[in-house]
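Q: Got a structure here, written out as structure tokens. Questions coming.
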Amino acid sequence: MTRDAGAGERPSSGTRGSAVAEEAEITNSSRLAWKKEQLRVWDLLQLSTPWLLLATSTAIYFSWVLPASGAGFRPAGASVLGLVAVSVLWVLFGHTLPIRSRTLRPVPTAVYFVGLLALCVTLMTYSDIFLVFTIAGFFHAYLLRPWPLGVLGVLATSVALNGSAMHVWADPDADMLAEFILIVAVQTAAIGVGILLTARSEPEERKREELVERLEAALHENAGLHAQLVAQARESGAQDERQRLAGEIHDTLAQGLAGIITQLQAAERSASVRGETDEHVARALRLARSSLTEARRSVRALAPQELGRAHLPGALRTLTERWSADHGVSAQVEVTGTPEPLSPAIEVALFRVAQESLTNVAKHAAASRVGVTLSYTGPEVLLDVRDDGRGFANGAGTGFGLTSMRQRVRGVGGHVEVQSAPGDGTSVSARVPAIAAVGTSAKGETDR
């Protein structure tokens with residue numbers, strides 16, 4: 001006679017709904033994996049390149065170039081060290097931190113790029129080894145917007161790099177200038193094409209990202225609608241099964257027991273007239289009355305009695321107050337958001353989660369305080385049961401009660417998380433879709 005949970009012995013549909021949504025999300029994630037990996041590698045390259053090049057050129061200068069020149073640390077070495085320190089601060093605050101915090105803006109980026117080239121040119125006046133650091137300008141030109149400014153940045157970097165490497169400014173001649181112009185032109189064209197292609201692909205990437213976001217939203221919406229349809233189908237099936245069981249009990253067991261009582265009462269009256277009270281008849285009468293009471297109680301118990309008298313918040317308060325009084329443990333109930341009537345299947349599932357969690361606290365936790373929080377967040381309803389008891393290690397919470405709890409909540413399109421650690425108490429969190437009741441649930445009327 002506990003087939004109410006059994007009317008929901010078809011949780012496979014709800015499980016399939018969750019599985020479909022999860023599979024769709026996994027498929028969508030796999031489609032974006034390659035793109036995310038590309039972006040991750042490029043971001044790491046952008047962040048690490050200036051630091052690697054600056055560290056390499058500085059190390060070579062102080063370990064080899066400066067000693068080989070025969071000059072002392074002062075004044076050239078001290079000046080270079082000061083310029084390196086300024087470069088570190090310039091790259092940190094103008095490039096690395098804005099990229100990490102995603103606050104890079106066009107105008108500050110342009111100012112940063114000009115300052116970076118100025119530092120590179122100044123360092124190259126002390127030693128050509130700082131050509132290595134100047135290469136960072138090619139990478140950072142990709143950050144300049146709009147794209148013509150990025151191409152201009154590549155040109156400026158190429159002029160500074162090759163002009164210093166070829167010593168064009170010291171004693172230029174026609175051949176050297178021609179070679180210099182050719183190298184700069186080829187270099188700018190080769191790198192500038194990448195900037196142009198990147199700029200042109202950005203609108204498409206942006207549209208693709210918007211499309212992906214809309215697809216994800218549609219997948220979530222479809223998953224929610226599927227869960228709602230499954231819950232409504234379950235509710236309809238459970239209601240039909242409940243009515244069928246209640247009718248069968250009322251029409252068979254309850255009526256049969258009522259007939260037994262009638263016959264035994266007649267026999268009792270007859271025996272009293274003759275003065276021959278039969279103890280066995282009296283005992284059978286008591287048993288029959290008890291059976292009738294139990295049959296009526298079973299009809300009413302097809303759903304939790306607390307939910308028969310109130311909606312979920314009131315039922316949880318009644319349950320928690322009675323549990324607290326029975327076990328002498330302080331327990332509080334908090335309801336957040338705007339309470340709304342939910343599908344009976346949803347309310348029964350959350351009520352059973354709270355019931356099972358409190359039972360586990362009484363059995364295992366040795367807690368002094370328990371908190372029950374019911375949160376209405378719009379599309380979802382959350383139930384949290386927390387205690388300050390002894391807790392348990394990961395992998396220990398695999399008993400029948402927790403497994404049954406997860407299956408019940410999964411059957412209505414939700415999921416349960418259990419978090420605990422030895423000495424840190426336990427938290428049981430259930431998250432289910434906020435599916436509204438489709439109508440007034442029929443209550444058992446078989447006690448008439």
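The values are calculated or read from the model by the stated rules, or taken from the named source; none is laboratory data. Quick caveat: nothing in here was measured; it's all calculated off a predicted structure. Please note: Cβ atoms are built from the backbone with ideal geometry, for glycine as well, and neighbour counts cover all protein chains shown.
Q: Can you tell me how many residues within segment 325-355 are over 19 Å from ALA437 (Cα atoms), at pLDDT below 90 and not hydrophobic (A, V, I, L, M, F, W, C)?
A: Qualifying residue count, segment 325-355: 4.
Q: Condition test on VAL65, is it out of contact with any Ser or Thr (no Cβ under 6 Å at 6 or more places or on another chain), of a type in the set (A, V, I, L, M, F, W, C) and in a helix (DSSP H, G or I)?
A: Working: out of contact with any Ser or Thr (no Cβ under 6 Å at 6 or more places or on another chain): no; of a type in the set (A, V, I, L, M, F, W, C): yes; in a helix (DSSP H, G or I): yes.
The answer is no for VAL65.
Q: Taking segment 316-339 as the region of interest, how many residues are among the hydroxyl-bearing types (Ser, Thr, Tyr), farther than 15 Å from ASP384 by Cβ and surrounded by fewer than 14 Cβ atoms within 10 Å (Cβ to Cβ)?
A: Initial filter on segment 316-339 (among the hydroxyl-bearing types (Ser, Thr, Tyr)): 318, 320, 324, 330, 336, 338.
Checking the rest, the ones that are also farther than 15 Å from ASP384 by Cβ come to 318, 324, 330, 338.
Remaining after also requiring surrounded by fewer than 14 Cβ atoms within 10 Å (Cβ to Cβ): 330, 338.
Here the count works out to 2.
Q: Could I ask something else about it? Might you let me know whether segment 188-201 holds any residue that is polar (S, T, N, Q), assigned to a helix (DSSP H, G or I) and surrounded by 15 or more Cβ atoms within 10 Å (Cβ to Cβ)?
A: First pass over segment 188-201, keeping only residues polar (S, T, N, Q): 188, 198, 201.
Narrowing the set further to residues that are assigned to a helix (DSSP H, G or I) leaves 188, 198, 201.
Subset that is surrounded by 15 or more Cβ atoms within 10 Å (Cβ to Cβ): 188.
Yes, some residue in segment 188-201 is polar (S, T, N, Q), assigned to a helix (DSSP H, G or I) and surrounded by 15 or more Cβ atoms within 10 Å (Cβ to Cβ).
Q: For segment 356-388, give me each residue that is farther than 12 Å from VAL432 by Cα and among the β-branched types (Val, Ile, Thr).
A: THR359, VAL361, VAL370, VAL372, THR373, VAL385
Q: Let me ask something else about it. Here are LEU219, LEU161, LEU215, LEU177: which of them is free of Cβ contacts under 8 Å to residues at least 12 places away in the same chain and assigned to a helix (DSSP H, G or I)? It would help to see each step written out before you state the result.
A: Details: LEU219 fails: free of Cβ contacts under 8 Å to residues at least 12 places away in the same chain; LEU161 fails: free of Cβ contacts under 8 Å to residues at least 12 places away in the same chain; LEU215 fails: free of Cβ contacts under 8 Å to residues at least 12 places away in the same chain.
Sole residue among the options that is free of Cβ contacts under 8 Å to residues at least 12 places away in the same chain and assigned to a helix (DSSP H, G or I): LEU177.
Q: When the residues of segment 420-438 are narrowed to those that are closer than 9 Å to PHE392 by Cα and assigned to a strand (DSSP E or B), which ends up modelled with the highest pLDDT?
A: Here is the first cut: in segment 420-438, the residues closer than 9 Å to PHE392 by Cα are 420-426.
Subsequent filtering for residues that are assigned to a strand (DSSP E or B) retains 420, 426.
Working: SER420: 86, THR426: 91.
Looking at the filtered set, the residue picked out is THR426.
Q: Checking the conditions here, which among ALA165, ALA223 is surrounded by 11 or more Cβ atoms within 10 Å (Cβ to Cβ) and modelled with pLDDT of 80 or more? Break it down stepwise before answering.
A: Numbers: ALA223 fails: modelled with pLDDT of 80 or more.
Result: ALA165 is the single residue among ALA165, ALA223 that is surrounded by 11 or more Cβ atoms within 10 Å (Cβ to Cβ) and modelled with pLDDT of 80 or more.
Q: Hey, can you tell me all the residues within segment 74-105 that are loosely packed, with under 12 Cβ neighbours inside 10 Å and more than 21 Å from ILE135 (Cα to Cα)? So that I can check it myself, show each step before the final result.
A: Residues of segment 74-105 loosely packed, with under 12 Cβ neighbours inside 10 Å: 74-75, 78, 82, 85, 89, 100-103, 105.
Within segment 74-105, ARG74, PRO75, ALA78, ARG100, SER101, ARG102, THR103, ARG105 meet the criteria.
Q: Regarding segment 127-138, can at least one residue be identified that is in a helix (DSSP H, G or I) and either farther than 27 Å from LEU83 by Cα or touching a Pro at 6+ places or on another chain (Cβ under 7 Å) (or both)? Write out each step before concluding.
A: Step one: of segment 127-138, the residues in a helix (DSSP H, G or I) are 128-134, 136-138.
So of that shortlist, the ones also either farther than 27 Å from LEU83 by Cα or touching a Pro at 6+ places or on another chain (Cβ under 7 Å) (or both) come out as 136.
Scanning segment 127-138 turns up at least one residue that is in a helix (DSSP H, G or I) and either farther than 27 Å from LEU83 by Cα or touching a Pro at 6+ places or on another chain (Cβ under 7 Å) (or both).
Q: Still on this structure: Find the residue count for segment 361-392, including only residues that are touching a Ser or Thr at 6+ places or on another chain (Cβ under 8 Å) and not in a strand (DSSP E or B).
A: So the first thing to find is which residues in segment 361-392 are touching a Ser or Thr at 6+ places or on another chain (Cβ under 8 Å), and the list is 361, 365, 368-370, 372-376, 381-389, 391-392.
Next, only the ones that are not in a strand (DSSP E or B) stay: 361, 365, 368, 388-389, 391-392.
Residues in segment 361-392 being touching a Ser or Thr at 6+ places or on another chain (Cβ under 8 Å) and not in a strand (DSSP E or B): 7 in total.
Q: Residues that are in a loop (DSSP other than H, G, I, E, B) and under 16 Å from GLY314 (Cβ atoms): does segment 341-356 have at least one?
A: So the first thing to find is which residues in segment 341-356 are in a loop (DSSP other than H, G, I, E, B), and the list is 341, 343.
Next, from what is left, pick out any that are under 16 Å from GLY314 (Cβ atoms): 341.
Yes.
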